Amino acid sequence: MLNLYNTLTAQVEEFHPLENNHVRMYVCGPTVYDYAHIGNFRTFLFADLLRRYLKFKGYELTHVMNITDIEDKIIKRASEEGSDFREFTTKYINLFFEDWDALGLERPEQIIRATDCVDDMIEIIKRLDANGLTYQSEGSTYYRIAGFDGYGKLSKINFEGNIAGGSERVDADEYEKENVRDFVLWKAAKPGEPSWETEIGAGRPGWHIECSAMSMKALGETFDIHAGGIDLVFPHHENEIAQSEGATGKPFVKYWVHSEFLLAEGEKMSKSKGNYYTVRGLVDQGFSHRAIRYMLLSAQHLKQFNFTLEGLRGAETTVARLQDFRLRLREAKCNPGSNPAMPVLSKRALARFEAALDDDLNVAEALAAIHDFVREVNIALADGTIKDDDQQEMLSVVTKFDTVFNIFGDARQEMLDDEIQALVDERQVARKAKNFARSDEIRNLLAEKGIILEDTKDGVRWKRK
RNA sequence: GGUCGCUUGGCCGAGCGGAUGCAGGCAGUGGAUUGCAAAUCCAUUUACACAGGUUCGAUUCCUGUAGCGACCUCCA
C-alpha cells in the first residue's frame, strides 16, 4: 500500500484512487520563457517517479501537465525579441522537451497549453460569477476570497499575523482590489499585449485560472493527485482550490503532493550567485543525462536537497556501475539449471524496494535495495553460483527496478568498427602468446580512442569511456 | 514582523530511544583477484551542529543557541 504525505491534511495517508484502479494526476508544468533549470526538473522527476511507481503498483494512469505560455515574463521577453509570444513559447517548449526526453521522463498522457484553453477558463469565471465570487475593477475580473470559506486550508497560513507583501516581493503592478489577497482571474487588455476577446471583456488569463480549467477539463471536477513544487502551495494551489471548488462546490483534489526545493552548493540557486545550473549546461560540461537524473532522484521529495558538482561526479560513477552491471549480467555465460538461493535473493530485494517506495517514496532506501542486490548478484556471478534460469530472473528484476527509476541505461551492446575489432583480436592473440608488451600497447592505443577493455573469465569486454 | 523545516563520518544522503547489521552511493586507504590493468569482491578511517533537560539509557523526545533554507501574491 502506497503512503503519501498530503499537504492538504498535513499527514501521511494511504493512497486510494477515487475511481477503482484508475489514477488521475495533474502536475503543474513549466512557464516557458527560458531554459528550464535542474530545480524545475527535480519537481518533474519527482512526478515522473510517482507516475512510474503508480504504474508499477498496477494502477492505470491519466497524467496531465499544463504549459504556461501566457504570462508577464513571457510577454516581456517575447516583445524584447520582437517575436510573437506564441512563436517565442513554442521555441522554449521544444527546448524543454528535448531536456525532458533526454532525462528519461515519460510523457504525460496529455500536455496542454494554457492559451488553448481560454474558453474553458471563461466558463469557470462565469460559474464563479454566478456564485457571487467575482467582481470587476478597471476592466479586470477578480476573485473575492472573502466569499470562499475554505480559503487557506491548503497552505494553513495564518492571515492574522501576516503582512501582505511582507516578503519584499511586492507586486508593483497593483490594481484596485477589495482585499489585498484577492487575485485576478482575468486581466484587462493592455495596448501591445496579447489579448482575447471574450464575454467577460478583452484581456488575458490570470496566473491561477489556467490550472483549474485544464485540470478539470482533462480529469474531471474531482481527481486524485495534484503535484508541483513547494513554492506553489501558496498562492497558486490555494487559489486553484478557491477557483475550482468555488465554481463546482465539489472537492477539487484528494491528494496534494509537493516537492521541496533544490539547493545548489548549499544555497538557493540564483544566476547572480553563479550556482545556477541548466540541464544543457551540465551536459556541455560532460555530464550525462542519466547521472543528472540519478542525482535529482536520489533524495526524497520532501527534503531539500543539496546539488553539488562533486555529487554529480559521484552519480556519474554510480550510474556507470549500474549500466556495467546490467551488461555483465546479460552477457554472463551461466551453467544450465537454477539455484534455489537466487530467487530468495531477488524476492528480498524487490520486497525491500517496494516497501521503501510505499513509505512515502523513500527513494534512498529503495536505491539501497538496488545497490545491495547488485553487489549480491556480482558475488554470485563471480562464484558461478548463478545459473541460466536465475540469470533471466535476475535480469527481469533489474528491469522492474528500472521501470520506476530508469537509471540502468541501455544494455544493448553496439558493434565495434572493423579496425578496432581487429586490434582487439590481435591483442587476444598476443596475450595468448604472452606477448604482454604488444598486448599493453594495443590496450593503450584503444584507450586513446576511448575504448576501455576488461579481461574477464568469459573473454574480453569493452566499453566506451 | 508572522509561520515552518533542516543541521549525520572527506562529500551526498537513510535511519532509530538501548538488545544480530552505527543503511546506501561517491571519494581515500589496505587487501583479494589479474601477466599488468579494468571490472568485481573484502576490510577500513573521531558520524550524528552546540548547550541544557527528560530517561536506567538519546544521534533518535523536549527547551534554548547558532547556521542554512522555505512561505507570507515572480519562483519548481
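The values are calculated or read from the model by the stated rules, or taken from the named source; none is laboratory data. Because the structure is predicted, anything quoted here is derived from the model rather than measured. Don't worry about glycine lacking a Cβ; one is built from the backbone with ideal geometry, like all the others, and counts go over all protein chains shown. Heavy atoms of the whole protein, side chains included, go into the accessibility calculation; ligands, DNA and RNA do not. Shrake-Rupley method; radii C 1.70, N 1.55, O 1.52, S 1.80 Å.
Quick notes
- Comparing A:Thr68, A:Trp196, A:Trp207 along the charge dipole axis of chain A, the residue lying farthest to the positive side is A:Thr68, per the Cβ-charge model.
- Distance (nanometres) between label positions extended 7 Å along Cα→Cβ at A:Gln421 and A:Asn179: 7.4 nm
- Tensor-based shape of chain A (alpha-carbon gyration tensor, a/c under 1.5 rounded, otherwise prolate or oblate): prolate
- Accessible surface of the range A:267-405 [probe 1.4 Å, protein heavy atoms]: carbon and sulfur percent: 52 percent
- Between A:Val23 and A:Glu60, A:Leu61, A:Thr62, the built amide H atoms are under 5 Å apart, and every one of these is 5 or more places off in sequence or on another chain.
- Look at where the Cα atoms of the range A:276-300 and of the range A:31-81 average out, and the two centres are 17 Å apart.
- For the range A:320-375: rounded, prolate or oblate by the Cα gyration tensor [a/c cutoff 1.5]: oblate
- Amide H contacts of A:Lys387: A:Asn339, each under 5 Å away and 5 or more positions distant or on a separate chain (H built 1.01 Å from N in the peptide plane; Pro and chain starts excluded).
- Computed on protein heavy atoms with a 1.4 Å probe, the accessible areas place A:Phe234, A:Phe305 in the order A:Phe234, A:Phe305, largest first.
- A:Trp100 contributes an accessible area of around 10 Å² to the protein surface, as traced by a 1.4 Å probe with all chains present.
- Accessible area of the range A:418-464 belonging to carbon and sulfur atoms, whole % at 1.4 Å probe: 50 percent
- Model label points for A:Gln304 and A:Val460, set 7 angstrom from Cα along the Cα-to-Cβ axis, are 5.2 nm apart.
- Cα-based shape type of the range A:418-464, given that a ≥ b ≥ c are square roots of the gyration tensor eigenvalues and the cut on a/c is 1.5: oblate
- Here's how it looks for A:Phe183: its modeled amide H is under 5 Å from those of A:Tyr143, A:Ile145, which are all 5 or more places away or on a different chain.
- Each of A:Val233, A:Val429 has its accessible area taken with a 1.4 Å probe; listed largest first, they run A:Val429, A:Val233.
- Contact order for the range A:57-128, expressed relative to its length and based on alpha carbon pairs under 8 Å spaced 6+ residues apart, stands at 50 percent.
- Each Lys and Arg contributes +1 and each Asp and Glu -1, all at the Cβ; summed about the Cα centre of the range A:418-464, the dipole is approximately 200 debye.
- Subtracting the Cα-Cα distance of A:Ser79 and A:Glu106 from their residue separation scaled by 0.36 nm leaves 6.4 nm.
- The residue list A:Ser439, A:Leu367, A:Phe405 was ranked by how far each Cα lies along the charge dipole of chain A toward its positive end, using unit charges on Cβ atoms, and A:Ser439 comes out on top.
- A:Thr399 accessible area, 1.4 Å probe, all protein chains in place, Å² to nearest 10: 70 Å²
- Percent RCO, i.e. relative contact order, over chain A, from Cα pairs under 8 Å lying at least 6 residues apart: 16 percent
- Computed extension length for A:Asp389-A:Asp440: 14.7 nm, one decimal, from 0.36 nm per residue of separation with the Cα-Cα distance subtracted.
- For the range A:192-206, Karplus couplings with θ = phi - 60° (6.51, -1.76, 1.60), whole Hz, Gly/Pro x: x, 10, x, 8, 10, 7, 9, 4, 9, x, 7, x, 9, x, x
- Per residue accessible area in Å² of chain A, where ligands, DNA and RNA are left out and the probe is 1.4 Å: 46 Å²
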